[in-house]
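A.B. asks: Supplied in structure tokens, the structure appears directly below.
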Amino acid sequence: PARYFDTNTTEPISFFLSGLEELLAWKPDGNDDFNISSVPLAKRQPPLHSKRPRTLVCHDMRGGYIEDRFIQGSATRNPYVFYHWRYIDIFVYFSHHSVTIPPVCWTNAAHRNGVPVLGTFITEWTDGEKLCEAFLAGGEESYRAVSEQLARIARHYSFDGWLINLENTLSAAAVRNLPHFLRHLTAEVHSAVPGGLVIWYDSILQNGTLRWQNELNEENWVFFDACDGLFTNYNWKEEHLERTRRLAGPRHTDIYVGVDIFARGDVIGGGFDTDKSLRLIRQHGLSAAIFAPGWVYEHLGEENFLQNEDKFWSSLAEYLPTHSICTLPLATSFSLGMGTSRFLDGKEEEAGPWYDLSAQEIQPLYPEREGRLSTSCCLQDAWCGGSSLRVQGTIPPGEERVAVRLFSLQMPAPPKLFLTLLYKLEGPHPDEFAVSLELTTWDSGTCYEGNLTSLPEPSGRHHPRFLPAPPPSLAKLLAACSRGSNGWTSRCYELDLQDCSLRDLSLLVSRHQPSPQETPFTCLLGEVRVLDAAGGAASPPQVQSLTASQLWWQ
């Protein structure tokens with residue numbers, strides 16, 4: 001069927017639904033198993049419902065369902081990817097189709113990095129009026145049928161809820177039922193999807209008029225009150241934020257103030273001035289909704305996209321509280337889910353462009369210190385997948401080392417940890433440097449490294465012991481402890497901790513000889529793993545009841 005498979009190639013594709021009939025007729029179909037996210041939403045700290053202001057990203061690019069619709073990937077050159085997951089809380093996939101089901105590759109990549117994904121239910125223009133009239137102006141039965149279907153769809157495809165965007169006038173009968181619809185939809189989504197969300201876009205007033213308010217006020221409060229949050233329109237000024245904050249009261253972090261990166265209309269700042277908008281939003285303790293950050297790709301071009309993307313997000317970093325990983329094992333080869341080649345064990349397996357966000361790995365923080373340090377994606381060389389993480393910086397005069405924070409952690413430390421690292425030093429004098437890992441723990445009087453006779457580590461900085469050979473129980477998992485290949489160096493470490501809580505994982509680059517000059521370095525990271533020694537020896541689950549269907553030999 002053309003909905004589920006590309007008519008030219010027969011490859012499985014992600015799809016949307018058009019109109020009320022298609023929505024109400026939808027039911028699970030064996031053909032769309034490919035579309036179900038296979039990655040559960042990873043836990044992270046702080047959780048979504050904490051009272052810290054959040055960051056929502058609303059992805060709207062060229063009508064949606066472009067190269068990202070190919071579930072098993074495509075040979076796209078210079079595709080759009082998003083990878084600053086540590087800095088955001090919610091990802092919305094937006095298009096102008098009535099029922100936008102997020103392409104499964106986005107849900108997989110976001111979930112792996114702990115970010116929930118929302119689809120979009122949109123009505124607009126005269127067709128939108130007719131659609132709304134059909135399901136809202138009737139009785140309770142018709143709007144309940146729509147909310148139950150939307151909740152079923154989210155549960156079936158394993159995404160996390162909906163942005164509701166009705167951009168057309170409503171009759172008196174329809175607008176009377178709108179708060180009931182939102183309340184019922186929110187309850188249905190909460191019960192169908194753990195941690196599910198319904199967010200309302202600021203468009204319609206309580207009398208049914210279509211008029212964007214750019215704030216929370218008496219005219220749209222009734223809709224905010226019926227769901228999990230309000231996404232405001234983009235043409236606000238500071239007084240709108242002040243009034244919104246006052247009216248929202250304890251729910252102020254449920255207001256997502258819209259920032260259009262294309263800066264259309266009368267806005268405070270978009271593009272590389274987006275920080276001006278975020279500064280004001282955060283001063284008032286509100287959440288932010290970053291709309292169409294694909295501006296970086298569409299406006300500045302595909303060629304230098306990765307550099308421009310790093311520049312854009314690092315310009316906002318001050319206003320984007322980051323998230324910590326709170327479960328082990330942590331293992332990543334930093335792949336963005338795209339590349340110009342595919343690598344395995346440090347060797348190029350296959351040349352040629354590829355794009356598959358489902359293959360994106362856990363992404364680190366991307367720390368930048370003006371002129372002193374930068375982290376970026378390297379497509380030319382990798383240990384596994386399509387890319388490695390390039391860390392470039394300088395060791396200041398008179399200092400021995402520099403620590404580059406890769407991940408923020410927040411979890412109790414197991415008694416014994418194994419860590420592995422694969423790296424490659426570049427530049428004229430790679431043998432001047434040593435590379436290792438550093439773990440920090442939260443300050444506490446009870447945290448010890450090693451056994452009880454050791455003294456507590458005053459700074460909470462731990463330098464795991466180098467293991468020349470893996471322990472027998474982990475020999476298979478850590479096979480490459482002391483032998484890298486293709487120019488990559490492989491290292492294993494162990495660390496014993498008691499009553500500690502993990503805080504940061506950093507890369508440590510040190511020079512063998514102190515120097516009065518600053519020393520530049522470039523290091524590629526191919527893979528990092530942090531494993532709980534107790535869980536390391538468990539064998540992977542066996543694959544059960546494998547079936548093959550719809551075979552077509554060519």
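The values are calculated or read from the model by the stated rules, or taken from the named source; none is laboratory data. Keep in mind it's a predicted model, so treat the numbers as computed, not measured. Heads up, the Cβs are rebuilt from the backbone with ideal geometry, glycines too, and the neighbour counts pull from every protein chain shown. For the accessible areas, the whole protein counts, side chains as well, though only heavy atoms, and no ligand, DNA or RNA atoms are used. Shrake-Rupley method; radii C 1.70, N 1.55, O 1.52, S 1.80 Å.
A.B. asks: Tell me, please, whether a residue that is in contact with a strand residue (DSSP E or B) (Cβ under 6 Å, 6 or more places away or on another chain) and within 21 Å of I90 (Cα to Cα) can be found in region 346-356.
C.D. replies: No, region 346-356 contains no residue that is in contact with a strand residue (DSSP E or B) (Cβ under 6 Å, 6 or more places away or on another chain) and within 21 Å of I90 (Cα to Cα).
A.B. asks: Can you pull out every residue in region 368-405 that is of a type in the set (A, V, I, L, M, F, W, C) and not in a loop (DSSP other than H, G, I, E, B)? Steps first, please.
C.D. replies: The first filter runs over region 368-405 and keeps only residues of a type in the set (A, V, I, L, M, F, W, C), leaving 373, 377-379, 382-384, 389, 391, 395, 402-404.
Passing the criteria: L373, C377, C378, L389, V391, I395, V402, A403, V404.
A.B. asks: Among the listed residues L230, L163, L185, L216, which satisfies the condition of being open to solvent by less than 10 Å² (accessible area, probe 1.4 Å) and in a loop (DSSP other than H, G, I, E, B)?
C.D. replies: The match here is L216.
A.B. asks: Give me the residue from region 97-139 that is under 30 Å from P46 (Cβ atoms) and in a strand (DSSP E or B) and, out of that set, nearest to the chain's Cα centre (by Cα). Give the derivation first.
C.D. replies: So the first thing to find is which residues in region 97-139 are under 30 Å from P46 (Cβ atoms), and the list is 100-121.
From what is left, the residues that are in a strand (DSSP E or B) are 100, 117-121.
Numbers: T100: 19, V117: 9, L118: 12, G119: 15, T120: 18, F121: 21 Å.
That would be V117.
A.B. asks: Among the residues that make up region 74-91, is at least one of them under 18 Å from the mean Cα position of the chain (by Cα) and of a type in the set (G, A, S)?
C.D. replies: no
A.B. asks: Among C384, C447, which is the only one that is at pLDDT below 95, more than 20 Å from V528 (Cα to Cα) and either surrounded by 22 or more Cβ atoms within 10 Å (Cβ to Cβ) or outside the structural domain of E318 (by the TED database) (or both)?
C.D. replies: Details: C384 fails: more than 20 Å from V528 (Cα to Cα).
Among C384, C447, only C447 is at pLDDT below 95, more than 20 Å from V528 (Cα to Cα) and either surrounded by 22 or more Cβ atoms within 10 Å (Cβ to Cβ) or outside the structural domain of E318 (by the TED database) (or both).
A.B. asks: So in region 118-140, with the set limited to residues that are in contact with an Asp or Glu (Cβ under 8 Å, 6 or more places away or on another chain) and open to solvent by less than 10 Å² (accessible area, probe 1.4 Å), which one is farthest from I13 (Cα to Cα)?
C.D. replies: Ranking the candidates gives G128 first.
A.B. asks: Taking the residues in region 289-338 that are part of a helix (DSSP H, G or I) and either open to solvent by less than 10 Å² (accessible area, probe 1.4 Å) or not assigned by the TED database to the domain that holds F231 (or both) as candidates, determine which candidate is farthest from S374 (Cα to Cα).
C.D. replies: V296
A.B. asks: What residue, among those in region 30-52 that are in a loop (DSSP other than H, G, I, E, B) and among the polar types (S, T, N, Q), is most open to solvent (accessible area, probe 1.4 Å)?
C.D. replies: Among those residues, the one meeting the criterion is S38.
A.B. asks: If I filter region 400-412 down to residues being open to solvent by 20 Å² or more (accessible area, probe 1.4 Å) and closer than 23 Å to F466 by Cα, which single residue comes out as nearest to the chain's Cα centre (by Cα)?
C.D. replies: Top of the filtered list is R405.
A.B. asks: Open to solvent by 10 Å² or more (accessible area, probe 1.4 Å), at pLDDT 95 or above and among the hydroxyl-bearing types (S, T, Y): is that true of Y143 in this structure?
C.D. replies: In short, yes.
A.B. asks: Can you pull out every residue in region 1-29 that is in contact (Cβ under 8 Å) with a residue 40 or more places away in the chain, open to solvent by 50 Å² or more (accessible area, probe 1.4 Å) and not in a loop (DSSP other than H, G, I, E, B)?
C.D. replies: Result: E22, L24.
A.B. asks: Could you please let me know if G196 is open to solvent by less than 20 Å² (accessible area, probe 1.4 Å) and on the phi > 0 side of the Ramachandran plot?
C.D. replies: Against the criterion (open to solvent by less than 20 Å² (accessible area, probe 1.4 Å) and on the phi > 0 side of the Ramachandran plot), G196 does not qualify.
A.B. asks: Same structure, new question: Where residues in region 13-43 are modelled with pLDDT under 95 and among the charged types (D, E, K, R), which of them is farthest from the chain's Cα centre (by Cα)?
C.D. replies: Ranking the qualifying residues of region 13-43, first place goes to D29.
A.B. asks: Hey, does region 280-288 have a residue that's in contact with a Phe, Trp or Tyr (Cβ under 9 Å, 6 or more places away or on another chain), open to solvent by less than 30 Å² (accessible area, probe 1.4 Å) and over 15 Å from E215 (Cβ atoms)?
C.D. replies: There is no residue in region 280-288 that is in contact with a Phe, Trp or Tyr (Cβ under 9 Å, 6 or more places away or on another chain), open to solvent by less than 30 Å² (accessible area, probe 1.4 Å) and over 15 Å from E215 (Cβ atoms).
A.B. asks: Are any of the residues in region 59-80 of a type in the set (V, I, T), surrounded by fewer than 19 Cβ atoms within 10 Å (Cβ to Cβ), on the phi < 0 side of the Ramachandran plot and touching a strand residue (DSSP E or B) at 6+ places or on another chain (Cβ under 8 Å)?
C.D. replies: yes
A.B. asks: Would you say N168 is open to solvent by less than 10 Å² (accessible area, probe 1.4 Å) and either basic (K, R) or over 30 Å from L41 (Cβ atoms) (or both)?
C.D. replies: Criteria met by N168.
A.B. asks: Determine which member of the set D33, D29, D60 is farther than 18 Å from W106 by Cβ and charged (D, E, K, R).
C.D. replies: None of the other options fit; the residue is D29.
A.B. asks: Going through F343, F334, F312, F305 one at a time, which residue ends up being under 24 Å from M411 (Cα atoms) and touching a residue at least 12 places away in the same chain (Cβ under 8 Å)?
C.D. replies: F334 is the lone residue from the list that is under 24 Å from M411 (Cα atoms) and touching a residue at least 12 places away in the same chain (Cβ under 8 Å).
A.B. asks: Right, next: Which one of these does L508 not meet: (1) in contact (Cβ under 8 Å) with a residue 60 or more places away in the chain; (2) over 22 Å from R401 (Cβ atoms); (3) surrounded by 12 or more Cβ atoms within 10 Å (Cβ to Cβ)?
C.D. replies: All conditions are met except number (2).
A.B. asks: Then there's this: Every residue in region 179-212 that is of a type in the set (D, E, K, R) and in contact (Cβ under 8 Å) with a residue 24 or more places away in the chain, please. Step through it out loud before you land on a result.
C.D. replies: So in region 179-212, the residues of a type in the set (D, E, K, R) come out as 183, 188, 202, 211.
Residues satisfying the conditions are R183, E188, D202.
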